[in-house]
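What follows is a single structure, written as structure tokens, with notes after it.
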């Protein structure tokens, strides 16, 4: 089994509706996103998935989030833009891209709001 990963960053603000504490106020993070892809096989040139494709797709999605107030985005109208929900959102957006590559499986997406706090989503 092979596993590859990429890491990207974006900056955005959010507030947690219904949260009893400081995070209910508007605040921002420099988020770090890690995407993990697995494959049992390699293609004819020895790669599981082209890093360039994975980076391009993730960069496009993160451009929609970067320097935004996440609560205002349609993806988070019905739910708080927590690390958990952002990880799930990114996973669901990336899954069709990854599964279009033979033998590739999207393993998980990890979103960190600080160097010491993060959440992962996987199926």
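Computed from the coordinates by the stated procedures, all read-outs in this text should not be read as laboratory data. Quick caveat, the model's predicted, so the values are computed rather than measured. Cβ: placed from backbone, ideal geometry, glycine included. Neighbour counts: every protein chain shown.
For this structure, a couple of remarks:
- Once the C-beta distance of residue 24 and residue 55 is scaled by a Förster radius of 30 Å, the resulting FRET efficiency is 0.30 to the nearest 0.05.
- Sites residue 42 and residue 93 - FRET efficiency at Förster radius 35 Å, r taken between beta-carbons, to 0.05: 0.90
- Acute angle (nearest 10 degrees) that the helix 83-99 long axis makes with the longest principal axis of the chain, alpha-carbon atoms: 30
- Structure-derived semi-axes √(5λ) of the Cα gyration tensor in Å: which label, when the choices are (1) 30, 13, 12; (2) 18, 17, 14; (3) 25, 17, 13: (1)
- Our estimate of slack between residue 64 and residue 79, defined as 0.36 nm per intervening residue step minus the Cα-Cα distance, is 3.7 nm.
- Helix 51-65 vs. the chain, principal-axis angle (Cα, 0 to 90°, nearest 10): 20
- Helix-only [θ]222 nm of the chain, DSSP H runs n ≥ 4, -39500 (n - 2.57) each, per residue, nearest 500: -8500 deg cm²/dmol
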